[in-house]
Structures are given as structure tokens and as C-alpha cells.
Protein chains: 2
Amino acid sequence: MSDNANSVNMTAPSRGYHHGDLRAALLDAGLDLLKSGSAETLSLREVARRVGVSPTAVYRHFPDKAALLKELCIRGALELAQAQAQAMKAAGGGRKGFVATGAAYIRYAVANPALFRIMMANMPPGGFFSSDFSDDQVGIKMLRDNIISLVPKEAGEKGVLFGMLMSWAQVHGLSMLMLDGQIPVSEETIKAFESSQMEFRFVPDQPSE
Amino acid sequence: MSDNANSVNMTAPSRGYHHGDLRAALLDAGLDLLKSGSAETLSLREVARRVGVSPTAVYRHFPDKAALLKELCIRGALELAQAQAQAMKAAGGGRKGFVATGAAYIRYAVANPALFRIMMANMPPGGFFSSDFSDDQVGIKMLRDNIISLVPKEAGEKGVLFGMLMSWAQVHGLSMLMLDGQIPVSEETIKAFESSQMEFRFVPDQPSE
DNA sequence: GCATTATGTTTACAGTGATAACATGTCCGA
DNA sequence: TCGGACATGTTATCACTGTAAACATAATGC
């Protein structure tokens, strides 16, 4: 993640070549295409075409398609984390705020289906939990902090991890089922989720009834 | 697996021009490839190749690739439902059995990653909830019955639907996160889920805490 | 027996990701 | 200022994909 940001950031404008800053332009075009519905069928050539450059020019900036997608999914992760943080703040923090971050997750997914898919399929090894990146860890860090503050202390680290897992899986599952058309995409459902009470009781070894 | 005695020989197709039951053979080959790891990159040509037939022969039995995939995902759905039913029985029914069907869902997903993906991405419009098919509705029906028996009666139909949604999303989310490498695929995690207590209290409008 | 139909093959086309060879623009040092 | 060195973009090409059209062969029905 050396340099990216928008093309505005380039501190050395003289470095502009044929295309000013093709790398950023490609990423923008890619994001655009992903947001414009164009589902999993995003192609390198399409991106290049949109920027107005030859197909193989892409390879001067990305070793392969996966590398481009990886950068895109990092951008998406950041955007998602921002949306979640905003939802948290808007809800006034606390348990309510936490649930709001979950709803924001779902809303982001259904609002950006293609990008969300790419994000999940192309996250680097270890995924969100990895510590290779710093910036896109924001979402996970937020989740962790929330769980810590909501889970009973006796649960310990294991309980925290379990809580993170289950709550993430909950919203992720809802998101994916909606994206895949298995359940209807409805704001009503999201609201129902939001207003329902989520409990994280860590009872790993209870015979349960 | 109806294989006629004459093993298809491409170089001397004096006898093997007409394959006994190509449609079934194609489906079997497709399932095989999907189970053999060959991820989302399953191609029509690969399937045809494996059966020993020309690429376009497929189009005598399926209008296009999506049609083939759709059939495969129906098969997968049946298999998954069987696994769940078996888990239910093995656990002795009840709440424990219900949770066992969830664990079976996850285990099936991680055991058949490619097929599971195809299943979710290619389910017919409306998905599992649709009533177009009868057989592959088994899984959903099982889920529904379980939820009905576990959810308080005051919850009503809405509560049942909500319970189905949330519990399905829970296991589906865990499955997908594992498949996408976002969380480690570990039997330990599945067991933790299995032994944790799942509660379905319907509190859609409670101010929470 | 022969025409019809079902099934499989060959050929072909547009699209994809990717590599290699080539062309051009920009920068840096003499 | 000049001239290489390097960064960037292009063209040509390959192997692969899904799919359509035309053709070939086997099974079936009159």
C-alpha cells in the first residue's frame, strides 16, 4: 500500500506520463465498474477500455488481475469500516451502536454487491484477521472493541473471539443470503435485525437443556 | 453411474458415437470436478473433456452452462439436506438436534467448498425459499419445523420467519467466512458453535437493556 | 427400407487473462 | 546539451473460455 489515495495526492506531478496516473485511474475505473452492478464479470480489459488504454498496460501497475482486485477490496474494506463507524456514532455508541454497525455492514453489502463479493473472495491470506495491513483492520478492531465491552468479563479472550465470530457471521450470513437472492433484500428485515436483541453469552460446554 | 460396456474411445469412435446417458454422465463429472477442489473455475469444456466428448455436445442436454450448474446445485442441496437430517437423528432431535443440523451445514460447506459456492450462487430465483422445487425444499422445511418447535408460540409467523432467517444466516455466515479464508476452518470452532446455546427470543421492539 | 429425429462433431467467433517483443516518453548523469 | 537508462504504453500472440452454425452419425418410427 505504498501510494494511492486519489490522483490528487501525487506530490510529484511531473511524474505524470502518458496518462497522468494510470494506476489510480485503473483502480477508480475498477471501483466504478464494480459499483455499477457489473458483477463478478469484471474484466481487466474492461477496466483498461474504460480508462482508454490498451489491455496490457494494466500489467505495468499490477502483476495480475488478482492484485488489482486485492487493492479494490482494500478500498472497499476501508469504505465499509467508515460506514460502520459512522453508524456507530449516529446510534450513540453502546450496544445499540454495535448493532448499528452490523446493520451498516448489511446495508453496505446490498448496496455494493459486486464489490462486497470481491472483497470477501480476494481478501489476503488470513483475511480481515490478518495483521498485514493496518488500515483495513479498522473494521475488525471496531468489532473487537465492541465485543469486549459487551461480553461478560468471565468469558475471557476465548469468549471475545467467539463473540466476534458469531456476530460477524450473523451479519455476514444475512448479507450473503441477500446478495445470493436466497432471502429477500428488504430494509424491513435489516430493521428487524437492528431492533432485535443480540446476546453474547459464552456457554461453550453447557449440556443445554 | 450408467456406464456402457464400451469405454468411450475418441480415437476410434466407431461405436462410441452415442454415449449411453450423457446427461447423467455430465452431471456426475461436474459434481466430481466440483468436489475435487476445482474451485469456481469449473468449465463446460473441462466437464466435456472428462466425459470424453466434444465441448459442444453439452448443448444437446443443457441450454447453457448456467443450466448445468443449476442442476448440480439442486443435487448439492439434496445432499446437504440429507447430511442435516442424519445429524438431526444422530443428535436425538430437539434443540440439540437442531444445532447439530447447523453444524452439519457448516461441515458440508467446508467439505465441499466449490459445490457449496455454486449452490448459493446458482440457486433459482427465490432460492431455497422458493417452492418451485419439491425435493430440495427439504432443508428449508426441516429448518422451519425446528424453529417452530423451538420458538415461543407468541412469536407467531413473523417470529418463525425471523428465527429461520437468523439461524440460517448464522451458520451460513460461519460457512462463508471459513470458505473465504476470513476465519480459520477448524473443527474446534464448529464444536464451539455446536455446544453454545442458541436462543430465539423474539424481542423485535425492545429498547434493549 | 427409408425419412425423421436425437445426439455428437467440427468449425468458427468473440471474449478473457497473460507473456513477449516492441515503441515511446521521461529522467538523470556526463 | 546530450544520451543512455528506465518507466510506461502498445502490438502481436497464445491458451483458454462459452456459444452458435453447419455437418455427421446413430436410433427410431412409418
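The values are calculated or read from the model by the stated rules, or taken from the named source; none is laboratory data. Owing to the predicted nature of the structure, the values given are computational and were not obtained by experimental measurement. When we count neighbours, we look across all protein chains shown, and the Cβ atoms used for this are built from the backbone with ideal geometry, even at glycine.
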Check your understanding: Yes or no: B:Leu78 in the same structural domain as B:His172 (by TED's automatic domain parsing), touching a residue at least 60 places away in the same chain (Cβ under 8 Å) and surrounded by 21 or more Cβ atoms within 10 Å (Cβ to Cβ)?
Key -> no
Practice item. Being outside any helix (DSSP H, G or I) and within 13 Å of another protein chain (Cβ to nearest Cβ) is the filter; apply it to region B:55-95 and report the residue that is nearest to DNA strand C (Cβ to nearest atom). Key: B:Gly93
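Taking the residues in region A:135-170 that are of a type in the set (Lys, Arg) and closer than 25 Å to A:Leu72 by Cα as candidates, determine which candidate is surrounded by the fewest Cβ atoms within 10 Å (Cβ to Cβ).
A:Lys141
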Check your understanding: So which pairs qualify, if the first residue must be in region B:169-180 and farther than 16 Å from A:Gln182 by Cα and not assigned by TED's automatic domain parsing to the domain that holds B:Arg117, the second must be at pLDDT below 95 and among the basic types (Lys, Arg), the Cβ gap must be under 6 Å, and the two must be at least 6 apart or on different chains?
Key -> none
Check your understanding: Does region B:49-57 include one or more residues that are modelled with pLDDT of 95 or more, surrounded by 16 or more Cβ atoms within 10 Å (Cβ to Cβ), closer than 30 Å to B:Asp180 by Cβ and within 8 Å of DNA strand D (Cβ to nearest atom)?
Key -> no
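So which residues in region B:23-42 are out of contact with any His (no Cβ under 6 Å at 6 or more places or on another chain) and near DNA strand C (Cβ under 10 Å from one of its atoms), if there are any at all?
B:Ala25, B:Leu26
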Practice item. Could you identify the single residue in B:Ile147, B:Ile183 that is touching a helix residue (DSSP H, G or I) at 6+ places or on another chain (Cβ under 7 Å) and more than 13 Å from chain A (Cβ to nearest Cβ)? Key: B:Ile147
Exercise for review: Looking for whichever is modelled with pLDDT under 90 and either surrounded by 14 or more Cβ atoms within 10 Å (Cβ to Cβ) or in a helix (DSSP H, G or I) (or both) here; the options are B:Phe98, B:Phe200. Which one fits?
Suggested key: B:Phe200
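Restricting to region B:58-70, and then to whatever is in contact (Cβ under 8 Å) with a residue 12 or more places away in the chain and farther than 21 Å from B:His18 by Cβ, can you tell me which residue is farthest from DNA strand D (Cβ to nearest atom)? So that I can check it myself, show each step before the final result.
Taking region B:58-70 as the starting set, the residues that turn out to be in contact (Cβ under 8 Å) with a residue 12 or more places away in the chain are B:58, B:60-62, B:65-66, B:68-70.
Checking which are farther than 21 Å from B:His18 by Cβ leaves us with B:65-66, B:69-70.
Values: B:Lys65: 3, B:Ala66: 6, B:Leu69: 9, B:Lys70: 12 Å.
Among them, the one singled out is B:Lys70.
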